[in-house]
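Working notes, beginning with the structure itself.
The values are calculated or read from the model by the stated rules, or taken from the named source; none is laboratory data. Values in this document were obtained by computation on a predicted structure and should not be read as measured data. Cβ placement follows ideal geometry from the backbone for every residue including glycine, while neighbour counts extend to all protein chains displayed. For accessibility, only protein heavy atoms count, side chains too; no ligands or nucleic acids. Shrake-Rupley method; radii C 1.70, N 1.55, O 1.52, S 1.80 Å.
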Amino acid sequence: MQAFEWYLPDDGEYYTNMKERIPELKDSGFDAIWLPPMFKATGTNDTGYGIYDLYDLGEFDQKGAVRTKYGTLEELRELVDVLHEHDMQVFADVVLNHKAGADETELFKVIQVDENDRTKEISDAHNIEGWTKFTFPGRNGKYSDFEWDFNHFTGIDYDQKNDITGVFKILGDDKHWSDGVSNEKGNYDYLMFADIDHKHPAVKDDLFHWGEWFINHVYIDGMRFDALKHIERDFIKEFVDHIHDVSDKDLYLFGEYWQEDVESKSDYLFEMEYNLDLFDVGLHYNLCQASNDADNYDMRKIFDNSLVQNHPTLAVTFVDNHDSQPGQSLESFVEPWFNKIAYGLILLRKDGYPCVFYGDYYGMGGDNPIEGYKDTIDQLIDIRKRYAYGKQIDFFESEQLIGFTRHGDEEHPGSLAVVISTGDMTSLRMDVGEDQAGKVYVELTGENENEVTIDEDGFGEFEVGPGTLCCWAEKIGFFVK
């Protein structure tokens, strides 16, 4: 589970509240939790991506409070302990692209660049006053005495002296935008705030030191890397190798490379030597498009351009997240009517590591709150636990009708038939295996009260209602949680 959404309340109760939810989540079938950025940000109202101090996990009086938006270090450790007591893994959201909320300004030389083409310079070299001095007075050198200044960054977006916003490339010896980043906007090294120069030796030393410190400070089991397409690839590769070298755990490392085409992510995985997984952004956009234009979307193409189709063991599949939810920077929300279909496609198939979004499960806040689909998702996870094993056969029949079957394994005998319609009520003939001949199948989610008898060849005619997903399995021992 991605265990947060953008509009969680700024009350410092998150860790405490999540701790109480862990037994139920474990019982529902979750075995890993991705926590929000746990580091001190620009203030307690910051979701965590306006990162200020990586060494402050809610321990020091900085940026107006000791706690982060989510709570204190002590409360975080209590949550981690409860997760491990329930045999659940803890994944930390790691923000290494930028820093925000500097303690002091500095004067330094920059060149302003075109915001839509960062390779195009639109000013001469000139001095600006930028927020780039990080001294962390509240921490007072504990854990690390490294202080940041403009030499440790490649770009900034605000000139305090002249009250001008823009994208300013910082000048200095051997200082330039990173080469190993996305080529969107000419060069997409700069994203926001003060952009970290990952080529700087002192920066690399401190971040490597921080990584080793962090994995032992809260005993995490993995990291989710934010904004990978904006970070020098060579640095990430070295950082990943370093983390594996210094950890006595087999840490799970995965990241966000927010680009729709699968080619760019395939290239990235190759350059990383397949040492980390990536979110399947292409599949997310397919689900979004299908939900917004059902009459014209060909469901047989739902996995085209997806990571799970091209790199099935390296894909983290998801429906929505904190950036794609309504009102956020990458808004591309999957429509509610399609939610059951979308989660069925990531939870019941054999490939990918599915990630359930807190907002889809518990609901989302903000100006226009949205209810969650906890019961539906729990039901699909339960079906996953009991039936989604073994060989998979696809029956992608037509633009608005697709299905697939899972044929079980030695420990989980029996088959599962999943059928999806984005059009009218219909049925789809599918093979569940000759060993199922004569058995009676029922629908598991409560969408259909009919029964299906499997013929001598192992086929059944499985019904599905309009705009929904149905799951069919053998009636004997049938139980819906």
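The 3J(HN,Hα) values that the Karplus relation (6.51, -1.76, 1.60; θ = phi - 60°) gives for the stretch 33-46 are, in residue order, 10, 9, 8, x, x, 9, 9, 4, 10, 5, x, 5, 8, 8 Hz. Gly and Pro appear as x.
Between His412 and Asn17, the modelled label-to-label distance comes to 3.2 nm, taking each label 7 Å out from Cα in the direction of the beta carbon.
Summing Cβ point charges (Lys, Arg +1; Asp, Glu -1) relative to the Cα centre of the chain gives a dipole of roughly 380 debye. Based on C-alpha pairs under 8 angstrom that are at least 6 apart in sequence, the chain has a relative contact order of 10 percent.
Accessible area per residue for the chain is 40 Å², calculated with a 1.4 Å probe on protein heavy atoms, without ligands, DNA or RNA. The accessible surface of the stretch 1-139, taken with every protein chain in place and a 1.4 Å probe, is 42 percent carbon and sulfur. Rounded to the nearest 10 degrees, the inclination of helix 281-292 to the longest alpha-carbon principal axis of the chain is 60 degrees. Proximity of backbone amide H atoms, modeled 1.01 Å from N, is registered between Asp56 and Lys40 at under 5 Å, excluding neighbours fewer than 5 places apart on the same chain. With the helix formula -39500 (n - 2.57) applied to DSSP H stretches of n ≥ 4, the chain reaches a computed 222 nm mean residue ellipticity of -7000 deg cm²/dmol. Among rounded, prolate and oblate, which fits the stretch 41-83 when a ≥ b ≥ c are the square roots of the eigenvalues of its C-alpha gyration tensor, a/c under 1.5 means rounded, and a/b larger than b/c means prolate? Prolate.
Amide H contacts of Asp93: Leu35, Met38, Arg224, each under 5 Å away and 5 or more positions distant or on a separate chain (H built 1.01 Å from N in the peptide plane; Pro and chain starts excluded).
Only four residue types carry charge here, +1 at the Cβ of Lys and Arg and -1 at the Cβ of Asp and Glu. Report the dipole size of the stretch 330-414 about the Cα centre in Debye, rounded to the nearest 20.
Numbers: 9 positive and 15 negative charges, 68 e Å.
So the dipole magnitude of the stretch 330-414 works out to roughly 320 debye.
Straight Cα distances below 25 angstrom link Lys185 to the lysines Lys99, Lys109, Lys120, Lys169, Lys175, Lys199, Lys229, Lys237, Lys265, with same-chain residues fewer than 8 positions distant left out. Computed in the context of the full set of protein chains, the accessible area of the stretch 162-247 at 1.4 Å probe radius has 45% of its extent on carbon or sulfur. Taking each residue as 0.36 nm, the span from Trp213 to Glu104 lengthens on full extension beyond its C-alpha to C-alpha distance by 36.6 nm. Fully extending the segment from Asp163 to Asp304, taken as 0.36 nm per residue of separation minus the present Cα-Cα distance, adds 46.1 nm. Rounded to the nearest 10 degrees, the inclination of helix 374-387 to the longest alpha-carbon principal axis of the chain is 60 degrees. The string of couplings for the stretch 344-354 from the Karplus curve (6.51, -1.76, 1.60, θ = phi - 60°) is x, 6, 9, 8, 9, 8, 7, 9, x, 10, x Hz, one whole number per residue in order, with x for Gly and Pro.
Residue separation times 0.36 nm, minus the C-alpha to C-alpha distance between Thr453 and Asp394: what's the value?
Computed gain between Thr453 and Asp394 is 19.2 nm.
Our coupling estimate for the stretch 65-78, obtained by passing each phi through the Karplus curve with A = 6.51, B = -1.76, C = 1.60 and θ = phi - 60°, is 6, 7, 6, 8, 4, 9, x, 9, 4, 4, 5, 4, 5, 5 Hz, Gly and Pro reported as x.
Between helix 201-217 and the chain there is an angle of about 50 degrees, using the helix long axis and the longest principal axis of the Cα atoms.
Could you work out what % of the accessible surface of the stretch 384-423 is carbon and sulfur, using a 1.4 angstrom probe and leaving DNA, RNA and ligands out of the count? For the stretch 384-423, the apolar C and S fraction of the accessible surface comes to 44 percent. Binning at 10 angstrom from zero up to the longest distance, how are the C-alpha pair distances of the stretch 350-481 distributed in percent? Pair shares across the bins are 12, 40, 34, 11, 3, 0. Dividing the C-alpha radius of gyration of the stretch 316-377 by 2.2 N^0.38 Å, with N its residue count, gives 1.08.
Can you work out the FRET efficiency for the pair Glu273 and Lys385, with r the C-beta to C-beta distance and R0 = 41 Å, to the nearest 0.05? Working shown, then result.
Numbers: r = 33 Å, r/R0 = 0.80.
Step by step, r from the Cβ atoms, then E = 0.80.
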